[in-house]
Each structure stands twice: as C-alpha cells, then as structure tokens.
Amino acid sequence: MSMFERKPLAALLGALALSAALSACHSQPVRNGQPLGLGTPVDAAQLAAWDIDIDADGRGLPPGSGTVAAGQRIYETRCIACHGAGGQNGIADRLAGGQGSLATKAPVRTVGSFWPYATTLFDYVRRAMPFDSPQSLTPDEVYAVSAYLLHLNGLLPADGRLDAASLPRVVMPNRDGFKVDDRPDVVGTRCLKDCTPGS
Amino acid sequence: MPPYLPPPGLDAGADLVADKSAKPPGRRRFLQGGAALAGGAAAATLAGSARAAGEVLPVPAWTRSQGRPVANPYGQPSGFEGRVIRRVREGAQPPFPTAASSLTPLADIFGTITPNGLVFERHHAGIPDIDPEQHRLVIHGLVERPLSFSLNDLLRFPAVSRVHFLECAGNSGSEWRPARKLTVQSLHGLLSCCEWTGVSLGTLLQEVGVAPEAKWLLAEGADAAAMTRSVPLDKALDDALIVYAQNGEMLRPEQGYPLRLLLPGWEGNISVKWLRRLKLGTAPWQSRQETSKYTDLLPDGTSRQFSFVLDVKSVITGPSGGQTLKSRGRQQITGLAWSGHGRIRRVDVSIDGGRNWEEAVLQTPVLDRALTRFSLPWLWDGGPAVLQSRAVDSHGNVQPTRSQLIAARGTESAYHYNGIQSWQVLPSGEVHNVHV
C-alpha cells in the first residue's frame, strides 16, 4: 500500500496498463457464444445407472418380464402397507378404480382411470417406489408389479405378462383425455366503479 | 364506506414511492384528492397516539449492559420473531412428511425477497444431503457431446443473477373449495421470491451442442423421487437457469442444493431440484408429474396438460386471515402481486368486496416475473369491509374472480388457481377468508 502512495498517479496508471497488456498475452479472452470447453465427456456405460427414463413409446424399457401373479406377491410384500389391498384405501395414493368418474363431481384419478400411458407406470415405480426403498426392485419385479396394477384396473387379464414389447401396447382408458394448454380460458375485467361484486 | 387515504406523499420521506414516470397527471390528482381527507387522517392519528401519551420511557436493561459478542457464526433472526416460520397447512397432517409441503409466512415478511429460511418447500421424497464434490450434472441424449459437469465446472461459467418468484401450481388450491378460515400463509404460502444465481442453460446447451431434431428435454433430480419433468427446448434456450445460489448464498438443501433448474414464471414443480441430469429428446416423456399430477381436470373430464405458465395473481397479505385490527383509523393495506407472463403493471384494491376499486402504489423496481409489493393506506371506520386486490400484468392480463375461474374450470382442476382473494374485516377487527 505505502509503495503505491509514494508513486505519482501517472506512473501508477502506466504500471497498471503495462500489467494489463502483459496478462493479455497469457490469457485468452472468451468470445460470447463459443463453447468454453468445460465439462467431462461421458459415455453410455458410465451413465447406465442414471439413464433410467422410459419415454411414452417405451424407449428405454429394459429386458425382462413379469406376470400378474408374480406382481401380486410383490405388491403384497412391498406395496400393500401404504397403498392398501387391491390398490385402495391405503394411506398413500389410490392405485385402482375410478374409471368413468372423471367428468363427475367426484372424480377419482388413478393409474387406471387417469394415466394416459402405461409406460409411465414402469418409469415411476422403477425410479421412486417402493417409497421406503426406491430403486430396489429388479426390472422383472417392476414389470410384474406394473402388470398387477394394470390387472387391478381391468387392463390386463389374470394370466397377463408384461415385457418391453407388450407394455407400450397397453391401451389406457384416458389416453385421449389430455389437451395441451389452451389458456387463456378465463379473462378478468378491470372495472373500477360500481362494479358487480364477484362477477 | 371508509375513505381511502392518499398514498404516502413524495415529500414525506415515504419508502413506497409510485413510479412517477408512469402516470404523472393521475398522480397529481390523487394527491390533491388526498388533501381533502387530511382532516380525517389527522383526527385518527390523534386518537391513536392518545393511548401512549402518558407513557414514560425507561432506560431498559439492554441499554445498561453489553450485548452478545461478535462472531455469531450464522446470524439468526431476533428471538422475538419466533412466530415467523414455515408451517404446514393448518389442520393438515401429512401422512408422509417427506412427501409434503411447508408454506412461507407471507403476512410476516416485507418487501419482495423471501429470506432463504422461509422459502416454501415441496418435496416428494424428502431433502437429500448431497455432497457437492460428488454431485454431477449430466447433459446427454440428442447432443453432439454428452458432458458431465461438476459444481466446480459450473462455477467457471459466466454467472447470471435474476430475481424471480417461485410458486407451486397447487398454491391456493384450497380456494377451489368452500372458504375455510385460514391464514394467508396456509392459503397462498406456496409462493416465494429470490435472487437466483447460476448459469444460463442456453450456455450449457451450447457446450454440448444440441442436435437439430431435439425439441424437449427431460430434467431429473437426484433425490429419492428422482423426479422428472419434460421441458420444451424453446424454454430451455430462452431463459432457463441452472441455479446454485439463492439470495447470495449457496442453495439451501430444501431448495435443491447444490443445483436446481429454474424456469422463470412457470409452475414450481418443473424447476427440478437436486438436478442431476438433462436428456434431450424429440417429445415429452409423459412422466408421472406431468400426467397423474400437474394436469388440470376440467368439468368435461378432459385435462389440460403442460400448463406451465402461472397466470397473473395477487393477494393482500395484511390485513389478512387470522389477523385482528387493533384499532380504527389508519391501516396499511399491503400485499404481493406477480405474473408468469411478465411484469405487474398495476394492482387495484377494493375495500367493499369488489364494487369500487382504487389503484395501489407499487414498490419499485417492478421486475419481470418477480413478486411486486403493493400498498394502499386505508382509514377503517370500524364497520364491516371486504378487502380484495386485483393485479394486471404487462400483457394486459387481468386477475379473474373466483366465480369466473369456476365457471370455466369447475372445482376439480386442483392447480393454477389465481382468483381474487377476499378478506372480510368484521367490526371486531377480526379478518377472515370469505368468498363473495
């Protein structure tokens, strides 16, 4: 500090300009819009344990299969405590029933009545269920318990089986029940004087 | 009806100052009109201060001894502010406390920035304790160079800081039902606003090189829900942030430490916390959180999907549900307004349940897709009143009434409630949630 104080201002500015010029020789200014070269390349093998998403067409479904019967056994040991017998009356989300209720005053949204794609069921159960031990089921177990839940909703027979080919072909009752955001459907009005309340 | 007071005068050292450039002639009239009410205001002030007139001011203990030493490692609010905390909704007992929410105490915070410890929470599998050294953000799928970024990598990109609100799509959802006498925290507290710092997602996408056929990307969290949402690529390139800090410090664990997505103006759920992966693809994935949840069921049984933007909205936070006005006379009506479409242009306030409206004062600066503080002084004559606020945004969207919303959407759509809130003030001074 004291060294700077003794120097005349002009000399100080000159020294600063020189050091700026020197440092410019050693570092590259980064141009906007150019990749910075940060980050590390990553390949499919490294990513395998994370790359678990299933899309609506079933891309990403792993090899394996499971039956409704095997699924019932898994459900009754791993799921029933929270979701209830037959997917109803548990402390967690209801998983069965409600078909035909969506346009009523008391709609019941479940996998069977509401979900548009069966692939979502596999994707979600594999990543997040059972709640107390996520990502602990094998692909065969996820196929099986998915098959059982679809069976509970009348979407797969008692002797049904699911695999990567058959799961995306399950036709969900509410498949065409969704439309992309079409708001504004409600337009407010800016009345200031003698307005009708609540209108 | 009790008259409005003029807004604080520009020469009175008021901290809430109207944007003068916006409407100079109207403002002048407002002040002149206010002069006529000055007599009434002065009378009320006299009545209010009479109570304290005989008070002798003592020298308290804290003036006669040393306070606590410096180096309080992380500062905490005064012990007298212990009621200002997040809470779960009154009467709610979440069966799974890790798949639950807590609400911001909107009536007890000031200005527009939510303190980090009070930002609302919504988790689907609890708050993970993520080691930032081990955490990675992977961007892959339809890209030229799949890359994995450490936090350290991300800190080397140009940092961007922006103030934006965050609101859960389910905020105010109990208002679809008959009015319950809840506080503003319980009714509307899934709402906060922070200065978010991070990297523009567009910058990262440039780094990996987006394939021409990519249209959507999947965002995935590293929590035990491994939560996923599909994001349109246009939004990702437009204004999405990969955030590592909020209000000047690293993200709080409950806000996604060490990394989260932030999509300004969009429903909170899609701003995926604990972000670990972005995968580019051609179509939405139809994940559970964009089919089973966060879709808006309409009376005909169909549902609106990918309803991302949060519409224009406002709420009076004081006086508000559960509070009691202590005395007649001057009150300060204050509240928050916001819109996922842009800036707040104006907020109107009614004290007679929506018959007549007066324009409130907006605290500046008014920022894009951020909470905006409004206020309006009010002389309460002790009679019944119903307070309402109505926001208008920079796109001309006007906040609708509850009945307009229900006429269009029924009562089962669960999300995206943005109706005008009504607070009834009883002669006792008690304030309750009502529907008019």
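The values are calculated or read from the model by the stated rules, or taken from the named source; none is laboratory data. Note that the structure is a prediction, hence the values are computed from the model and not measured. Virtual Cβ from ideal backbone geometry, glycine too; neighbours counted across all protein chains shown. In case anyone asks, the SASA skips ligands and DNA or RNA and just uses the protein heavy atoms, side chains included. Shrake-Rupley method; radii C 1.70, N 1.55, O 1.52, S 1.80 Å.
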### Message
Kindly evaluate residue B:291 against the criterion of being open to solvent by less than 10 Å² (accessible area, probe 1.4 Å), at the interface with another protein chain (Cβ under 7 Å from one of its Cβ atoms) and touching a helix residue (DSSP H, G or I) at 6+ places or on another chain (Cβ under 7 Å).
### Response
yes
### Query
Of the residues in region A:140-199, how many are more than 30 Å from residue B:356 (Cβ to Cβ), open to solvent by 80 Å² or more (accessible area, probe 1.4 Å) and either assigned to a helix (DSSP H, G or I) or within 7 Å of another protein chain (Cβ to nearest Cβ) (or both)?
2
## Note on the structure
In region B:177-196, anything β-branched (Val, Ile, Thr) and surrounded by fewer than 20 Cβ atoms within 10 Å (Cβ to Cβ) is listed as none
### Query
Quick one: what pairs do we get from region B:171-195, first residue more than 21 Å from residue B:293 (Cα to Cα) and touching a residue at least 12 places away in the same chain (Cβ under 8 Å), second surrounded by 19 or more Cβ atoms within 10 Å (Cβ to Cβ) and aromatic (Phe, Trp, Tyr), C-beta under 6 Å, 6+ apart or different chains?
B:192/B:120; B:193/B:165
### Message
Going by what's in this entry, would residue A:110 be described as open to solvent by less than 30 Å² (accessible area, probe 1.4 Å), at pLDDT 95 or above, more than 7 Å from every other protein chain (Cβ to nearest Cβ) and over 26 Å from residue A:50 (Cβ atoms)?
### Response
yes
### Task
Specify the residue that is most open to solvent (accessible area, probe 1.4 Å); the eligible residues are those in region B:300-325 that are hydroxyl-bearing (Ser, Thr, Tyr) and more than 14 Å from chain A (Cβ to nearest Cβ).
B:324
### Message
Take the conditions within 13 Å of chain A (Cβ to nearest Cβ), open to solvent by 10 Å² or more (accessible area, probe 1.4 Å), more than 30 Å from residue A:136 (Cα to Cα) and in contact with a Leu (Cβ under 8 Å, 6 or more places away or on another chain) and apply them to residue B:237. Does it pass?
### Response
yes
### Selected residue (only one of B:277, B:252, B:328 is over 25 Å from residue B:198 (Cβ atoms) and either touching a residue at least 24 places away in the same chain (Cβ under 8 Å) or open to solvent by less than 30 Å² (accessible area, probe 1.4 Å) (or both))
B:328
### Message
So in region B:201-223, with the set limited to residues that are more than 12 Å from chain A (Cβ to nearest Cβ) and open to solvent by less than 10 Å² (accessible area, probe 1.4 Å), which one is farthest from residue B:281 (Cα to Cα)?
### Response
B:201
### Message
Just to be sure I understand the filter: pairs with C-beta atoms under 9 Å, separated by 6 or more residues or on different chains, first member in region B:300-314 and under 10 Å from residue A:183 (Cα atoms), second member open to solvent by 10 Å² or more (accessible area, probe 1.4 Å) and of a type in the set (Asp, Glu). Which pairs pass?
### Response
B:304/A:181; B:304/A:182; B:304/A:185; B:307/A:181; B:307/A:182; B:309/A:181
### Query
Counting only residues that are away from chain B (no Cβ under 11 Å) and either open to solvent by less than 20 Å² (accessible area, probe 1.4 Å) or part of a helix (DSSP H, G or I) (or both), how many does region A:46-57 have?
0
### Summary
A careful count of residues in region B:55-111 that are open to solvent by 90 Å² or more (accessible area, probe 1.4 Å) and touching an Asp or Glu at 6+ places or on another chain (Cβ under 8 Å) gives 1
